[in-house]
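Everything below concerns the one structure shown next.
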Amino acid sequence: GVTVEVVKAGNGAKPDVGELVAIRFAAYADGRKIDDIFDTPEPYYTRMGSGGLLKGVETTLPLMVLGDRWKLTIPSALAFGPKGRPASAGKPRIPGGAEVVFDVEITGLPGKEPELIDLIGDD
């Protein structure tokens, strides 16, 4: 499975399946950076359990809480598998069988943040 190294422990709420989650992440394959959104103005929003991320991330994210930053070492079978990923605009090719290191932090839970609920109302 996925090897987890806790980089920073959070103390916020735990996201539920189906809930919108804001994450920041960087990903590396074969020692090369393949993606990094830690310095972008907006985080990446994903629905918990939607299948939009690598399997190794999808299975680990529900174990995290708001504020957690974990370094995940994801075996090929839970990443891009034996086929890898072809190169695309701004994204390098990932060879088949590559292990992926995914540095991920939960930075927001739009449905559970009190200041957002106060701002927009909770009807």
Name every residue in the range 54-64 that is open to solvent by 30 Å² or more (accessible area, probe 1.4 Å) and among the β-branched types (Val, Ile, Thr), in order of residue number.
-> THR59
Just one of the numbered conditions (1) out of contact with any Leu (no Cβ under 7 Å at 6 or more places or on another chain); (2) part of a loop (DSSP other than H, G, I, E, B); (3) farther than 17 Å from ALA26 by Cα is not true of GLY67; which one?
-> (3)
Scanning the range 26-43 for residues that are touching a strand residue (DSSP E or B) at 6+ places or on another chain (Cβ under 6 Å) and either of a type in the set (Lys, Arg) or surrounded by fewer than 19 Cβ atoms within 10 Å (Cβ to Cβ) (or both) gives ALA26, TYR28, ASP35, ASP36, ILE37, PHE38, PRO43
Collect the residues in the range 44-53 that are assigned to a loop (DSSP other than H, G, I, E, B) and either surrounded by fewer than 14 Cβ atoms within 10 Å (Cβ to Cβ) or modelled with pLDDT of 95 or more (or both), keeping them in residue-number order.
-> SER50, GLY51, GLY52
Members of the range 6-25 that are farther than 14 Å from GLY111 by Cα and exposed (fewer than 11 other Cβ atoms within 10 Å of the Cβ) = LYS8, ASN11
Output the qualifying pairs, or none if there are none: Cβ atoms under 6 angstrom, residues six or more apart or on different chains, first residue in the range 2-18 and in a loop (DSSP other than H, G, I, E, B), second residue surrounded by 11 or more Cβ atoms within 10 Å (Cβ to Cβ) and of a type in the set (D, E, K, R).
-> GLY10/ASP68; ALA13/LYS112
Taking only pairs six or more apart or across chains, which ones have beta-carbon atoms under 7 Å, a first residue in the range 85-99 that is within 13 Å of GLY31 (Cα to Cα), and a second residue that is at pLDDT below 90 and surrounded by 15 or more Cβ atoms within 10 Å (Cβ to Cβ)?
-> none
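The values are calculated or read from the model by the stated rules, or taken from the named source; none is laboratory data. Keep in mind the model is a prediction, meaning the values are calculated, not measured. Ideal geometry is used to build each Cβ from the backbone, glycine not excepted, and the neighbour counts take in all protein chains shown. The protein model used for the area step is the full one, side chains on, heavy atoms only, and it has no ligands, DNA or RNA in it. Shrake-Rupley method; radii C 1.70, N 1.55, O 1.52, S 1.80 Å.
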